[in-house]
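The values are calculated or read from the model by the stated rules, or taken from the named source; none is laboratory data. Because the structure is a prediction, the values reported are computed rather than measured. As a convention, Cβ positions derive from the backbone with ideal geometry for all residues, glycine included, and neighbour counts pool all protein chains shown. Note: areas computed on protein heavy atoms with side chains; ligands, DNA, RNA excluded. Shrake-Rupley method; radii C 1.70, N 1.55, O 1.52, S 1.80 Å.
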Protein chains: 2
Amino acid sequence: MKKLINAPDAVVEEALDGMTAAHGDLIRVHRYPNFITRADAPIRGKTALLSGGGSGHEPMHGGFVGRGMLDAACPGAVFTSPTPDQMLEASKAVNGGAGILHIVKNYTGDVMNFEMAADLARAEGIDVESVVIDDDVAVKDSTWTAGRRGVATTVLAEKICGGAAEARMPLAPVADLCRRVNANGRSMGMALSACTVPHAGKPSFVLQEDEMEIGIGIHGEPGRHRVKLESADRVAEMLLEPILEDLPFKSGDNVLLFVNGMGGTPQIELYIVYRKAYEIAAKHGLKVVRNLVGSYVTSLEMAGCSITLLKLDDEMVKFWDAPVVTPSLRWGA
Amino acid sequence: MKKLINAPDAVVEEALDGMTAAHGDLIRVHRYPNFITRADAPIRGKTALLSGGGSGHEPMHGGFVGRGMLDAACPGAVFTSPTPDQMLEASKAVNGGAGILHIVKNYTGDVMNFEMAADLARAEGIDVESVVIDDDVAVKDSTWTAGRRGVATTVLAEKICGGAAEARMPLAPVADLCRRVNANGRSMGMALSACTVPHAGKPSFVLQEDEMEIGIGIHGEPGRHRVKLESADRVAEMLLEPILEDLPFKSGDNVLLFVNGMGGTPQIELYIVYRKAYEIAAKHGLKVVRNLVGSYVTSLEMAGCSITLLKLDDEMVKFWDAPVVTPSLRWGA
């Protein structure tokens with residue numbers, strides 16, 4: 001295993017130390033239980049947004065804590081759900097009296113732990129709503145999930161709802177907006193190579209030199225099919241066609257097109273995929289009015305990408321464009 | 001070779017298509033010869049900044065074209081210098097009558113071609129100054145360079161000088177500022193794995209499972225020594241110690257600490273390296289007042305990192321903090 005780490009046990013803790021050293025102006029890292037809050041939390045009267053999940057998907061979620069996006073993020077061990085006590089303490093730390101939205105990716109452990117945390121928080125008088133993101137069209141059930149997995153639409157939901165909450169939208173409509181983003185977002189991913197979880201010490205699966213995995217999850221869960229390596233253009237088609245059919249996306253729709261790197265894919269390759277994805281979307285009559293190209297929801301050093309399409313309405317565009325100041329997503333302020 | 005590409009010959013062209021589709025609001029991609037300009041170029045009365053180099057180091061340089069940074073970037077083939085005609089046409093396209101600064105990384109081909117382009121531009125009545133970046137402390141001469149290689153300080157120079165030019169600083173003082181950034185910036189890199197140039201189809205070198213290369217260049221040029229794999233903390237020491245001695249950096253200095261990913265390294269590992277680098281810098285008495293952590297100067301999918309220290313003065317801080325709106329670096333506006 002070749003990694004820039006000191007010890008598998010220390011990966012998450014030391015990365016949090018690094019984030020503290022680098023971004024102390026934007027975020028605060030709390031310990032035992034571990035969670036990250038924006039430096040100015042809690043903000044009185046503001047709906048707070050909390051997300052979290054296993055580590056290894058950076059910059060999601062810790063890199064998205066800050067003004068205009070998340071109030072808090074709870075990092076679990078690598079590819080392991082955070083615990084209810086992390087979520088509870090984070091909820092208390094960012095509670096500004098206007099309630100908290102938990103944004104939860106659909107993995108069995110995450111859903112269970114976030115449910116427990118929400119119950120505990122409510123028992124302490126905090127108003128909590130939860131939205132489960134399940135945007136992955138690749139598989140119905142998978143290794144770690146009942147139903148569809150939650151993947152890259154999560155970032156879009158965090159940004160859009162973060163903009164709404166920053167504008168002082170109350171909890172119930174922010175939660176509705178989050179459900180609407182989830183209902184209109186679809187994703188699918190693929191891998192050229194596996195990643196290695198530090199504790200495991202070896203790749204979680206093996207792909208031959210001429211193989212790729214289509215429909216993979218962000219923990220390397222198997223997807224739809226393992227096939228022979230194809231061109232970037234064919235990969236874009238294989239990912240986008242099931243997405244287009246699923247919503248379905250219709251001619252004239254305004255969309256956000258998001259090409260996401262899995263961690264080990266050069267930016268130059270993501271642009272090659274984006275080029276074809278944009279062309280397919282345009283041919284389908286879609287208007288790509290917003291986009292994102294980069295590695296935002298990763299699987300450690302896995303090589304591969306995912307494509308996400310989000311059908312936009314005016315409110316989503318407005319809050320997508322709103323200023324955001326986080327370690328890993330920043331514009332407009 | 002596992003890559004998200006269509007054909008080795010088409011990589012740069014198709015990535016430029018993708019950038020056009022994604023960032024048409026910020027940049028314009030010109031063809032034959034290929035170069036990228038900010039969408040609003042030329043800007044009358046503004047010193048224009050132009051850089052360029054081989055492709056494969058994305059987001060450098062194309063991702064840094066926009067308000068507050070570069071006016072133009074010339075992408076060569078992968079790991080191959082752009083040609084003088086690209087640089088000349090780009091210079092003409094962004095010439096606002098106040099002269100042009102060419103920011104050149106110290107590789108033999110780049111230096112030669114930029115010199116020729118500067119001569120050609122001057123012959124057409126354009127005022128050109130050139131600054132060669134040579135910040136890599138690892139080796140004196142290397143495969144593709146006489147003298148020190150130009151690496152990650154380039155991004156810092158482009159940002160700081162970009163801020164100055166945006167504030168309408170004239171050409172001569174912008175060039176002086178660029179020389180000062182270069183004179184006060186030091187870098188060193190390492191690799192855990194090689195990368196594969198699309199045309200070559202196989203890795204440019206081989207590292208055993210228990211080996212790493214210290215002092216590597218951004219094209220995989222050999223470095224100081226090939227050694228057994230070490231911890232992230234030891235790697236940070238091995239990179240930072242030669243940097244600290246070289247300037248030398250002294251107790252009380254204000255610095256910018258930049259931990260850069262080589263392309264295939266997860267963000268979580270970069271934070272682990274940043275944590276130790278910050279600790280070493282602090283122990284040395286340095287005040288880390290600004291920082292950057294991410295993959296900005298890459299070698300395709302190479303796993304590894306580099307560390308850059310820049311001794312800051314007040315003017316550099318002011319222009320580092322100035323607004324920037326480019327595809328890959330953005331804040332404050």
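Normalised by 2.2 N^0.38 Å, with N the number of residues, the alpha-carbon radius of gyration of the protein assembly as shown equals 0.90. The share of C-alpha pairs in the range A:186-314 whose separation exceeds 23 Å stands at 29 percent. Remark: label point of A:R122 defined 7 Å out from Cα along the Cα-Cβ vector; separations to the same position in other copies 7.5 nm, ascending. Which of the GluC sites (Glu not before Pro) across the range B:189-262 are loop residues per DSSP, with 16 or fewer other Cβ within 10 Å? The qualifying sites are B:E209, B:E230. Loop-resident trypsin sites (Lys or Arg not before Pro) (DSSP state other than H, G, I, E or B) in the range A:196-271 with no more than 14 further Cβ atoms inside 10 Å of their Cβ: A:K250. With its label point defined 7 Å out from Cα along the Cα-to-Cβ axis, A:D40 lies at 2.6 nm from the matching points of the other copies, in increasing order. Per-residue extension of 0.36 nm, minus the Cα-Cα distance of A:R224 and A:V317, leaves a gain of 30.3 nm for this segment. Considering chain B at the alpha-carbon level, its Rg and Dmax are found to be 18.7, 56 Å. Over all other residues within a Cβ to Cβ distance under 12 Å of A:D141, the charged ones net out to 0, with Lys and Arg as +1 and Asp and Glu as -1. Taking the range B:303-324 and a reference point 7 angstrom along Cα→Cβ of B:K283, the backbone N atoms nearer than 18 Å belong to B:307-309. Considering only A:I36, B:L177, B:I43, and ranking their Cα positions along the charge dipole of the protein assembly as shown that arises from unit charges at the beta-carbon of Lys, Arg, Asp and Glu, the one farthest toward the positive end is B:I43.
Taking the axis that rotates chain A onto chain B, the chain A residue nearest to it by Cβ, with the distance rounded to whole Å, is A:G264, 2. Neighbours of B:V12 by Cβ distance under 14 Å: Lys/Arg scored +1, Asp/Glu scored -1, total -3.
When the C-alpha to C-alpha distance is required to be over 23 Å, the pairs from B:K287/B:K318; A:K202/B:K2; A:K159/A:K276; A:K46/A:K92; A:K140/A:K287; B:K276/B:K318 that qualify are A:K159/A:K276; A:K140/A:K287; B:K276/B:K318. The GluC sites (Glu not before Pro) of the range B:115-205 that DSSP puts in a loop, and whose beta carbon has at most 16 other beta carbons within 10 Å, are B:E124. Between beta-carbons, use under 14 Å as the cut-off and find the net charge around B:L177, counting Lys and Arg +1, Asp and Glu -1. Residues close to B:L177 contribute a combined charge of -1. Please report the relative contact order for the range B:141-262, taking Cα pairs under 8 Å with a sequence separation of at least 6, and give it as a percent rounded to a whole number. It comes to 21 percent, rounded to a whole number.
Sequence-distant contacts, meaning Cα pairs under 8 Å at least 6 residues apart, place the relative contact order of the range A:261-325 at 51 percent. Per the Debye calculation on the range B:1-157 with a single equal scatterer at every Cα and no solvent contribution, log₁₀ I(q)/I(0) for q = 0.08, 0.10, 0.20 Å⁻¹ amounts to -0.21, -0.33, -1.28.
From the alpha carbon centroid of the range A:192-218 to that of the range A:80-100 is 33 Å.
Placing +1 on each Lys and Arg Cβ and -1 on each Asp and Glu Cβ, with no other charges, gives the range A:186-314 a dipole about its Cα centre of roughly 180 debye.
Computed from backbone phi, the HN-Hα couplings of the range A:195-207 come to 10, 10, 6, x, 5, 6, x, 9, x, 6, 7, 10, 10 Hz, rounded to whole numbers (Karplus: 6.51 cos²θ - 1.76 cosθ + 1.60, θ = phi - 60°; Gly and Pro given as x). Considering only B:H225, B:S251, B:A281, and ranking their Cα positions along the charge dipole of the range B:185-313 that arises from unit charges at the beta-carbon of Lys, Arg, Asp and Glu, the one farthest toward the positive end is B:S251. Dipole check for the range A:89-179: with +1 at the C-beta of Lys and Arg, -1 at the C-beta of Asp and Glu, and the Cα centre as origin, the magnitude is about 160 Debye. Charged side chains reduced to their Cβ positions (Lys and Arg at +1, Asp and Glu at -1) give chain A a dipole of some 520 debye around its Cα centre.
Between the listed residues A:N291, A:W144, A:A98, the Cα displaced farthest toward the positive end of the dipole of chain A, a dipole computed from Cβ unit charges relative to the Cα centre, is found at A:N291. The residues of the range B:185-313 have, on average, 32 Å² of accessible surface per residue, using a 1.4 Å probe with all protein chains present. Within the accessible area of the range B:185-313, the carbon and sulfur atoms contribute 48%, probe 1.4 Å, all protein chains present. When B:G147 is represented by a point 7 angstrom out along its Cα-to-C-beta vector, the spacings to that point in the other copies are 6.2 nm, nearest first.
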